[in-house]
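Reviewing the structure listed below.
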Amino acid sequence: MMQYEEENEKLADTSACAGIRADLKMCLLQSECCKVHKKTPRECLKSRDPSVPDQCYVLHNTFFECKRSLLDARQRFRGRKGY
């Protein structure tokens, strides 16, 4: 989960799936792939770098499912995933 420095701090982005996107971004930026190897988060995901934790790949899949549920008409009745 995203950690904030202040108690009442919130994301500026209020769009759907923004929380998952922020968690994925922070997970990738804190990985060894971005810090040590100086790759972009996108390059780390595409190359399936072994230094990226499995949690980041789980977040990536969750983010994909959340975005896909926005296009799925059935989700209007069930609600968005990951929200």
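The numbers here are math on the coordinates, done by the rules we state, and not lab data. From a predicted model like this one, the values you see are computed outputs, not experimental measurements. Positions of Cβ are backbone-derived with ideal geometry, glycine not excepted, and every protein chain shown enters the neighbour counts.
Rank these for me by crowding, Val36, Val58, Val52, going from fewest to most other beta carbons within 10 Å. Walk me through the numbers on the way to the answer.
On the way: Val36 9, Val58 12, Val52 21.
By the 10 Å Cβ count, ascending: Val36, Val58, Val52.
Just the ratio, please: alpha-carbon radius of gyration of segment 18-78 over 2.2 N^0.38 Å, N its number of residues. Each step should come with its number before you reach the end.
Numbers: Rg = 13.4 Å, N = 61, 2.2 N^0.38 = 10.5 Å.
Expressed relative to 2.2 N^0.38 Å, the Cα Rg reads 1.28.
How far is it, in nm, from the label point at Arg74 to the one at Arg42 when both lie 7 Å from their Cα along the line to the Cβ?
With each label point 7 Å from Cα toward Cβ, the separation is 3.2 nm.
How much net charge surrounds Cys44 when only other residues with a Cβ under 11 Å from its Cβ are counted (Lys, Arg +1; Asp, Glu -1)?
Numbers: positive: Lys35, Lys38, Lys39, Arg42, Lys46, Arg48; negative: Glu32, Glu43, Asp49.
Net of charged neighbours comes to +3.
Working out 0.36 nm times the residue gap between Tyr57 and Ser15, then minus their Cα-Cα distance, what length gain in nm do you get to one decimal?
Values: separation 42, 0.36 × 42 = 15.12 nm, distance 2.16 nm.
In short, 13.0 nm is gained.
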